[in-house]
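Below: one structure in structure tokens.
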Amino acid sequence: MIDPTSVDYDGLIPNNVGLNADPRLRRALESWHPSCLDWWKARGPEGFQANLVYLRTAISVEPEGWAKFGYVKMPEYRWGILLAPAILDRRVPFGAHKGEPAWQEVPGEYRAMLRRLIVVQGDTEPASVEQQRYLGRTAPSLYDLRNLFQVNVEEARHLWAMVYLLQKYFGRDGREEAEDLLRRNSGDQDSPRLLGAFNETTPDWLAFFMFTFFTDRDGKMQLHALAQSGFDPLSRTCRFMLTEEAHHMFVGQSGVGRIIERTCAAMRDAGIDDPTDIARVRAQGVIDLPTLQKRANLHFSLTLDLFGNEISTNAANAFNAGLKGRFLEDQIPDDHLLIGATYTVPRLRDGRIVEEEAPALSALNIRLRDDYVADAASAVERWWNRIIARAGFGYRLSLPHVAFNRRIGEFATIDADPDGNILSAPEWQRRRGAFLPSPDDDAFVASLMQPVTEPGAFASWIAPPRAGIDGKPGDFEYVRLRNG
Ligand code: BYC
Ligand code: FE
Ligand code: FE
């Protein structure tokens, strides 16, 4: 019998899905592979393709010890197809089919809806790689450069994960969707990525850390919701992806945390008591805390748009169908049907923001968004504010109101400040620079982006990490810039 937790590394495509026994699928994937490599070279990390990078690769799907570390050239990374172990006798956990055996094939009546969910998820993965394409030029250390590339290869593996589902379960239109995932591009005028935040730029390392903190965290929430799916292959795929997602968020929370640590140390050394004395703080060559707050405001609000509309029949239908559940659905003590249940939703009524009860089924996007906000808020406290407090400064970073700076949903039509007060258009224009990064702020951050490539050295604006990757010492050469 095949051990479903061990991964077959013999063929071109590492997998634990029995690819050798499915020649049609193997052919489809093997013919997609060169297109993917072409995409990677054209749209993935600029440069560094011939350098050895100390990367982890998945070799098992067991929670313990699935990763192996070693030097790899990125184009030779073993992108694989990895599903979390099947759960014996798994049932559809929610919706109209609750209690029926989980589907091992696509339920015909829900084919279009399921395909759309997989395509949307699949579209975000390569988009993030494209957004991060140029960051290698300005990495603050080899440690950070390696982390960037680790995130990039894993996001590309997430693309593989969705392409596997499309090619195995959706026949010809699945293969076409798989090609289209490589054809759309982040920020492209004619064929942009599907969701707004994935067409924004990631111009500097602060943007990268904020993105992995805020936007990869949306990935975590959406993957959790899809991991509950009654379509078992999607559930198993997402469960394994979540093990990788943890590292992406670690990169963001520790990245910003190390910036904060460095800023606080520089303020202390220079005898600066007031963190809002921006000119003096910046003169130390570090990023002031108010600029971090503005960047957090930007990335948080862009990410909230990814949850869709407050009231959504798409979300209700996907839940009823048993395709997309709630965060930790299997731990919620209710009937998992939500017929007649209600949920509190912030709405715009007569120019004011009010809380209203709405049918819980229609409010699922907002329920997931609420879970996201709680998760992000606690991470801000734990990873960021704790560092500021320990350094003895009376400054706190916080998340803006959900109505702030929105493009999708209820609050897209108004301008609100970070506290949720609605502003007139002129008032918003006048105060915008206090809420969101100004061109000056961005130019200052850009001025700090000078590459540091000496092993063990770090840019002036970021502290070294507490510990190395895979227990490596501080001066470890995470990326070999001169191979040999
Ligand atoms: N941009 O009923 P509604 C990740 C559209 S991140 C553009 O509210 P629904 C990652 C919507 O499509 C996780 N259009 O929508 C992170 C709909 O159009 P149709 C990615 C938008 O479907 C970092 C219409 O408006 N995964 O993995 O309930 C690095 C009505 O809206 C947007 C997923 O998102 C938007 N922001 O909710 C790498 C999971 N919002 O159908 C990776 C799958 C809404 O009327 N996606 N629209 O033509 C979904 O569950 C849902 O599609 C959405 C939207 C949450 C995105
Ligand atoms: Fe991902
Ligand atoms: Fe991610």
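Could you put Cys36, Cys264 in order, starting from the residue whose Cβ has the fewest other Cβ atoms within 10 Å?
Lowest to highest Cβ neighbour count: Cys36, Cys264.
A further question follows. How long are the semi-axes of the ellipsoid equivalent to region 392-441, from square roots of 5 times the Cα gyration tensor eigenvalues, in whole Å, largest first? List each step's numbers first, then the result.
Numbers: eigenvalues 88, 43, 20 Å².
Output for region 392-441: semi-axes of 21, 15, 10 Å.
With no solvent and one point per C-alpha, what does the Debye sum give as log10 I(q)/I(0) for region 282-367 at q = 0.11, 0.21 Å⁻¹?
Values returned for q = 0.11, 0.21 Å⁻¹ are -0.46, -1.03.
Right, here's the next one. Each residue of region 47-56 in turn: what ³J(HN,Hα) in whole Hz from Karplus with 6.51, -1.76, 1.60 and θ = phi - 60°, glycine and Pro shown as x?
Per-residue couplings from phi come out as x, 6, 6, 9, 8, 7, 10, 7, 10, 9 Hz.
Which entries in the list Lys41/Lys324; Lys324/Lys472; Lys73/Lys220; Lys73/Lys324; Lys168/Lys472; Lys41/Lys168 go over 29 Å, if you measure between the two C-alpha atoms of each? Could you put the intermediate results ahead of the total?
Numbers: Lys41/Lys324 34 Å; Lys324/Lys472 40 Å; Lys73/Lys220 27 Å; Lys73/Lys324 36 Å; Lys168/Lys472 40 Å; Lys41/Lys168 26 Å.
Pairs exceeding the cut-off: Lys41/Lys324; Lys324/Lys472; Lys73/Lys324; Lys168/Lys472.
Would you please classify the overall shape of region 37-139 from the alpha carbon gyration tensor, given that a ≥ b ≥ c denote the square roots of the eigenvalues, rounded means a/c under 1.5, and beyond that prolate means a/b larger than b/c while oblate covers the rest? Kindly include the intermediate steps, with their values, before the conclusion.
Working: a/c = 3.41, a/b = 1.77, b/c = 1.93.
Oblate.
Quick one: longest stretch of the chain between exposed loop trypsin sites (Lys or Arg not before Pro), exposed meaning at most 13 other C-beta atoms within 10 Å and loop per DSSP? Write down the numbers at each step before the final one.
On the way: sites that count: Arg396, Arg407, Arg466, Arg482.
The longest uninterrupted stretch comes out as 1-395.
Search the structure for amide H atoms under 5 Å from the amide H of Asp415, placed 1.01 Å from N in the peptide plane, and list their residues when 5 or more places away or on another chain.
Distant-sequence amide H within range of Asp415: Leu423.
Next question. On alpha carbon coordinates alone, what is the Rg over Rh value for region 110-213, Rh being the Kirkwood radius? Walk me through the numbers on the way to the answer.
Details: Rg = 14.7 Å, Rh = 14.4 Å.
So for region 110-213, dividing Rg by the Kirkwood Rh gives 1.02.
Okay, moving on. Over the Cα atoms of the chain, how large are the radius of gyration and the largest Cα-Cα distance (Dmax), in Å?
22.8, 69
Given all pairs of different Cα atoms, what value in angstroms does the Kirkwood hydrodynamic radius of region 176-320 take? Don't skip to the end; give the middle numbers.
Details: mean 1/r = 0.0562 Å⁻¹.
Kirkwood hydrodynamic radius for region 176-320: 17.8 Å.
Can you give the longest stretch of the chain with no exposed loop site, where a site means GluC sites (Glu not before Pro) in a DSSP loop (not H, G, I, E or B) with at most 11 other C-beta atoms within 10 Å? Present the calculation step by step, with values, prior to reporting the outcome.
Details: sites that count: Glu64, Glu105.
No qualifying site falls inside 106-484, the longest such stretch.
Find, to one decimal place in angstroms, the Kirkwood hydrodynamic radius of region 261-416, where the mean of 1/r is taken over every pair of different Cα atoms and then inverted.
Details: mean 1/r = 0.0555 Å⁻¹.
Taking the inverse mean of 1/r over all distinct Cα pairs, region 261-416 comes out at 18.0 Å.
What shape does region 338-421 have by the C-alpha gyration tensor, where a ≥ b ≥ c are the square roots of the eigenvalues, rounded means a/c under 1.5, and otherwise prolate means a/b greater than b/c and oblate the rest? Write out the running numbers ahead of the final one.
Values: a/c = 3.18, a/b = 1.67, b/c = 1.90.
It comes out oblate by the Cα gyration axes.
Note down the relative contact order for region 376-481 as a percent, whole number, built from C-alpha pairs under 8 angstrom at least six residues apart.
Values: 73 pairs, mean separation 13.0, N = 106.
Once normalised by length, the contact order is 12 percent.
Apply 1/(1 + (r/R0)^6) to the Cβ-Cβ distance of Glu427 and Ser6, taking R0 = 60 Å, and write down the FRET efficiency to the nearest 0.05.
Numbers: r = 61 Å, r/R0 = 1.02.
Working from the Cβ atoms, E equals 0.45.
Let me check against my output: what whole-number percent is the relative contact order of the chain, with C-alpha pairs under 8 Å and at least 6 apart?
It comes to 19 percent, rounded to a whole number.
If I require 27 Å or longer along the helix axis, counting alpha carbons, and a Kyte-Doolittle average no lower than 0.0, what helices from the chain are left? Use full DSSP H segments. It would help to have the intermediate numbers written out before the result.
Details: long enough: 23-43 (29 Å, -1.05); 111-131 (30 Å, -0.20); 142-169 (40 Å, -0.06); 205-227 (30 Å, 0.43); 232-269 (55 Å, -0.26).
For the chain, where a helix must reach 27 Å along its axis and average at least 0.0, the hits are 205-227.
Coordinate-derived values only; no laboratory data. Nothing here was measured: the structure is a model prediction, and the numbers come from that model. Positions of Cβ are generated from backbone atoms using ideal geometry, with glycine treated the same way; all protein chains shown enter the neighbour counts.
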